[in-house]
Amino acid sequence: MDWLNYTLFTIGGDTPVLLIDLVTSVFGLACVFLAGHNSKYNFWIGYIYTTLLFLMFWNKNLYASLLLQPISLGINILGHYRWTHPKKGEQSSEDSKALKVTMLTWKQRIFAIASVFILAGAWGWLLSLLGNRWFVGVFPSDPIPYHDACVTVLILVAQFLSALKKWDCWIAWLLVNVTQMWLHLRVGHVFMPIVSGLYLINGIVSLFNWAKLYKKKA
C-alpha cells in the first residue's frame, strides 16, 4: 500500500509529513472533542478514526497498536450502545435516553492500575519475540515493544471506561496522551505528537466537564 507513504511535504528537508498522519489527526481531534462535550456522535467519527489508525500503525510496524484497532472497534460499538440505551437508574437527569456519568470505586481503580502493569508487561514481552524469534523474515520487529504495549493497554482501559461513561476515563486518557506523544516522537510521526498534545488539553477540559455532569447526574 504505497499510498500510505504519500508525502505532503517535508520538514527540515528529511522529515516527511504523510497524508495518512494528517487525515488521522483531523478525525482523532473531532472524535475526542465530541466525546469531551458528551456527544454520542463521537462514536460515528470514532469508527472512521479506528480504521485510519489501523492503517497508520501498519505502516510503522507498531503491532500492539495495530492489533488494538479491531478491539477498539468492538469497544466503540459497546459504548455507542451503552450511551444510548441506559438501564433503569442509569438515565441522565437531562435526557432519559442517555447514560449518566458515574465514577469507579477505589477498589475498581486499584484493579484497573494493576491490570495495566500486568497486561502491558506480558504483551510487551510477546511483541519483543515477534520478528526476532517468531516469524523472522515475515514481520519486521516492533522497534519499541514495551512502550507500544503500554500505550495499547492504557488505551484499552481508557476506551472501556469511556464506553461505560466513567469520569475516570479522562485520567486514563491523560496518561495515554503523554505516553503516546512520546511513542509518536520515537517512531518519527510528525502530526500525531501535536495531536497528542491537543488531546492532552482536551482531556483536561473534559475532566472538569464530566465532573460537572457527574454532580448533576447528567
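The values are calculated or read from the model by the stated rules, or taken from the named source; none is laboratory data. All values reported here derive from a predicted model rather than from experimental measurement. We place every Cβ from the backbone using ideal geometry, glycine too, and count neighbours over all the protein chains shown.
Could you give every pair whose Cβ atoms fall below 9 Å, whose first residue belongs to the range 53-82 and is crowded, with 20+ Cβ neighbours inside 10 Å, and whose second residue is acidic (Asp, Glu) and outside any helix (DSSP H, G or I), counting only separations of at least 6 or pairs across chains?
These pairs meet every condition: LEU62/ASP142; TYR63/ASP142; ALA64/ASP142.
For the condition at pLDDT below 95 and surrounded by fewer than 14 Cβ atoms within 10 Å (Cβ to Cβ), what is the one hit in GLY137, GLY124?
Matching residue, one of GLY137, GLY124: GLY137.
Can you name every residue in the range 167-177 that is over 12 Å from the mean Cα position of the chain (by Cα) and in a helix (DSSP H, G or I)?
ILE171
Quick check on this structure: which one of THR50, THR105 is in contact (Cβ under 8 Å) with a residue 12 or more places away in the chain and of a type in the set (S, T, N, Q)?
THR50
In the range 83-99, how many are part of a helix (DSSP H, G or I) and buried (at least 16 other Cβ atoms within 10 Å of the Cβ)?
1
Return the residue satisfying two criteria in turn: it lies in the range 164-197 and is of a type in the set (Val, Ile, Thr), farther than 16 Å from GLY36 by Cβ and free of Cβ contacts under 8 Å to residues at least 60 places away in the same chain, and of such residues it is surrounded by the most Cβ atoms within 10 Å (Cβ to Cβ).
THR179
Take the range 205-218 and flag every residue that is surrounded by 15 or more Cβ atoms within 10 Å (Cβ to Cβ) and either closer than 30 Å to LEU62 by Cα or aromatic (Phe, Trp, Tyr) (or both).
SER206, LEU207, TRP210, TYR214
Taking the range 178-196 only, how many residues are small (Gly, Ala, Ser), part of a helix (DSSP H, G or I) and out of contact with any helix residue (DSSP H, G or I) (no Cβ under 6 Å at 6 or more places or on another chain)?
Adding up the residues that qualify gives 0.
Given the conditions (1) at pLDDT below 85; (2) surrounded by 20 or more Cβ atoms within 10 Å (Cβ to Cβ); (3) more than 13 Å from the chain's Cα centre (by Cα), report the number of the one that GLY36 does not fulfil.
Here GLY36 meets the rest and fails (1).
Cβ-Cβ under 7 Å, sequence separation 6+ or interchain: first residue in the range 151-163 and in contact (Cβ under 8 Å) with a residue 40 or more places away in the chain and of a type in the set (Lys, Arg), partner assigned to a helix (DSSP H, G or I) and surrounded by 23 or more Cβ atoms within 10 Å (Cβ to Cβ). Which pairs?
From residues that are in contact (Cβ under 8 Å) with a residue 40 or more places away in the chain and of a type in the set (Lys, Arg), there are no pairs.
If you take the residues of the range 17-33 that are among the β-branched types (Val, Ile, Thr) and in a helix (DSSP H, G or I), which of them is surrounded by the fewest Cβ atoms within 10 Å (Cβ to Cβ)?
The selected residue is VAL26.
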